[in-house]
1. Which members of region 136-162 meet the condition of being surrounded by fewer than 18 Cβ atoms within 10 Å (Cβ to Cβ), of a type in the set (Val, Ile, Thr) and under 23 Å from the mean Cα position of the chain (by Cα)?
2. Can you pull out every residue in region 110-131 that is of a type outside the set (Val, Ile, Thr) and touching a strand residue (DSSP E or B) at 6+ places or on another chain (Cβ under 8 Å)?
3. Can you find, within region 105-132, the residue that is nearest to LEU80 (Cα to Cα) among those that are of a type in the set (S, T, N, Q) and in contact (Cβ under 8 Å) with a residue 24 or more places away in the chain?
4. Return the residues of region 123-145 that are of a type in the set (D, E, K, R), closer than 19 Å to ILE58 by Cα and not in a strand (DSSP E or B); say none if nothing qualifies.
5. Answer yes or no as to whether THR90 is surrounded by fewer than 16 Cβ atoms within 10 Å (Cβ to Cβ), without any contact (Cβ under 8 Å) to a residue 24 or more places away in the chain, out of contact with any His (no Cβ under 9 Å at 6 or more places or on another chain) and not hydrophobic (A, V, I, L, M, F, W, C).
6. In region 67-122, which residue that is acidic (Asp, Glu) and either outside any loop (DSSP other than H, G, I, E, B) or in contact with a Cys (Cβ under 7 Å, 6 or more places away or on another chain) (or both) is nearest to PRO156 (Cα to Cα)?
7. Mind listing just one residue for me: the one in region 52-75 that is touching a strand residue (DSSP E or B) at 6+ places or on another chain (Cβ under 6 Å) and farther than 14 Å from THR110 by Cα and, of those, surrounded by the most Cβ atoms within 10 Å (Cβ to Cβ)?
Amino acid sequence: MLNEMNELNEMTNKGANYMKKMKQLLKNQKGLTLIELLAVIVILAIVAAIAVPAIGNIIENSRYNAVKADATNVLSAAQLYFTDDQSKQTVTIAELKTANYLESEGKIATGTVTKAKPNTLKADAIKYSGDKTVTFNNATLKQINDDPNKGSDAGPFTIGTP
């Protein structure tokens, strides 16, 4: 039993000595070397160079999709309008807002919806990002939803019949 206690004491002393040496080594290390710091900066620059253009494309695509969503809302509001007033064949976005069928037109300030099967939207060029534009030329809901273009691609875009 005494031998076992001596062995345990010896192991504890070795562990304590090892910990003291590790603390000593850590105390002597003051910080990063210049090479290590430069390596970190280079890695961060590479990550930024990859991420920034990707984020820019995501933002432009989102703006383009927002204008398409605005067009979808206008067509839906016009559908309700035509259901309530079946004598009308066309309605402007301003009329939809005045009659409270459309709360917000988004970026589509002016345009006309024509009653047809399906209804169509005609709106002049709408800027969605910088000088990039999208035009709705007798666009149907299906054409808007099926549009394969991305906002980050070179524009201008026309949705509907050219």
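Only the coordinates and a few stated rules stand behind these numbers; no lab work does. Because the structure is a prediction, the values reported are computed rather than measured. Neighbour counts run over all protein chains shown; Cβ positions are idealised from the backbone, glycine included.
1. Hit for region 136-162 is THR158, nothing else.
2. Selection gives GLY111, LYS115, ASN119, LEU121, LYS122, ALA123, ASP124, ALA125, LYS127, TYR128.
3. Filtering region 105-132 down to residues of a type in the set (S, T, N, Q) leaves 110, 112, 114, 119-120, 129.
Filter again for in contact (Cβ under 8 Å) with a residue 24 or more places away in the chain, leaving 114, 119-120, 129.
Details: THR114: 13, ASN119: 11, THR120: 14, SER129: 30 Å.
Checked region 105-132; the qualifying residue nearest to LEU80 (Cα to Cα) is ASN119.
4. Keep residues of region 123-145 that are of a type in the set (D, E, K, R), which gives 124, 127, 131-132, 142.
Filter once more, keeping what is closer than 19 Å to ILE58 by Cα: 127, 131-132.
Hit for region 123-145 is ASP131, nothing else.
5. Details: surrounded by fewer than 16 Cβ atoms within 10 Å (Cβ to Cβ): yes; without any contact (Cβ under 8 Å) to a residue 24 or more places away in the chain: no; out of contact with any His (no Cβ under 9 Å at 6 or more places or on another chain): yes; not hydrophobic (A, V, I, L, M, F, W, C): yes.
For THR90, the condition - surrounded by fewer than 16 Cβ atoms within 10 Å (Cβ to Cβ), without any contact (Cβ under 8 Å) to a residue 24 or more places away in the chain, out of contact with any His (no Cβ under 9 Å at 6 or more places or on another chain) and not hydrophobic (A, V, I, L, M, F, W, C) - is not met.
6. From region 67-122, those acidic (Asp, Glu) are 70, 84-85, 95, 103, 105; that's our starting set.
Right, trim to either outside any loop (DSSP other than H, G, I, E, B) or in contact with a Cys (Cβ under 7 Å, 6 or more places away or on another chain) (or both) and you get 70, 84, 95.
Working: ASP70: 18, ASP84: 35, GLU95: 28 Å.
It comes out as ASP70.
7. Across region 52-75, the extreme among qualifying residues is TYR64.
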